[in-house]
Amino acid sequence: MNYVTGNVIFLDVDGVLATADQIHRYSEEHNGSCPPGIAQIDSECVKCLKYAVDQTRSMIVISSTWRKNPNDLRDLMIVLTIPVIGMTESVPSGQREIEIRNYMKAHGITDIENVVVIDDDSGDLQYFKSRNRLVQPTWEHGMTRQNAMEVIARLGRAAQ
C-alpha cells in the first residue's frame, strides 16, 4: 500500500477545467463545434488550479470521469502540467464520495484537514461539503482565482 502524506486535492474536470465558457469560445472559432478533450479545457482554469497547488504544495488525485476514457485522460495529462499521484477507482454505485473515501482509506489519508475536493457538483459529496472540504467552481466558468483562494484557505499556505 502506498501511503500519501501532505495535502491532497481530488479533482473533477467537467465544470472545473472543462467549462461552458471554453466550449462556447472554441465553437465560435471553429464553425460551431467543440470536440471532447483538450478543446474543452480552459487554460485560465488550469492556471488557477496550478496556483492553488503551488501555494499549498498539494498533490492531485483525479476523481473525474475523464479517468475512465483513455483519450480524455491523455488529453488531460497533456494540458494539466501538474503532477498527478493517482486516480480514484470506480465503484458500482458510481458515487464519487465513496470513490474518494475508498482512495483515502487505501492510501492512509486520515486527516480530513489535508484534503480538498474540487467539483462543481456536490450531489454525492455531502461528507466533504459538511466538513468544509469542498470547493465548487461553476460549470459556466470553472476554476477561478477565488476558488484557488478557497483551496488555499482550507489547506493553508505551504512554507516557501
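The values are calculated or read from the model by the stated rules, or taken from the named source; none is laboratory data. Owing to the predicted nature of the structure, the values given are computational and were not obtained by experimental measurement. Here the Cβ positions follow ideal geometry from the backbone for every residue, glycine too, while neighbour counts run over all protein chains shown. With ligands, DNA and RNA removed, areas are computed over all heavy atoms of the protein, side chains included. Shrake-Rupley method; radii C 1.70, N 1.55, O 1.52, S 1.80 Å.
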| request: Could you list all residues from the range 84-96 that are closer than 20 Å to Met59 by Cα and either without any contact (Cβ under 8 Å) to a residue 12 or more places away in the chain or open to solvent by less than 40 Å² (accessible area, probe 1.4 Å) (or both)? | output: Gly86, Thr88, Arg96
| remark: Note on the range 128-160: residues assigned to a helix (DSSP H, G or I) and either hydrophobic (A, V, I, L, M, F, W, C) or closer than 18 Å to Asn7 by Cβ (or both) are Phe128, Asn147, Ala148, Met149, Glu150, Val151, Ile152, Ala153, Arg154, Leu155
| query | Between a first residue in the range 4-18 that is farther than 26 Å from Gly108 by Cα and assigned to a strand (DSSP E or B) and a second residue that is acidic (Asp, Glu) and open to solvent by 10 Å² or more (accessible area, probe 1.4 Å), which pairs have beta carbons less than 9 Å apart while being 6 or more apart in sequence or on different chains? | reply | Asp14/Asp120; Asp14/Asp121; Ala18/Asp42
| remark: Taking the range 1-17 and keeping residues modelled with pLDDT under 95 and either in contact with a Ser or Thr (Cβ under 6 Å, 6 or more places away or on another chain) or open to solvent by less than 30 Å² (accessible area, probe 1.4 Å) (or both) leaves Val4
| field | Members of the range 97-121 that are in contact with a Gly (Cβ under 8 Å, 6 or more places away or on another chain) and open to solvent by less than 70 Å² (accessible area, probe 1.4 Å) | value | Tyr103, His107, Asn114, Asp119, Asp120
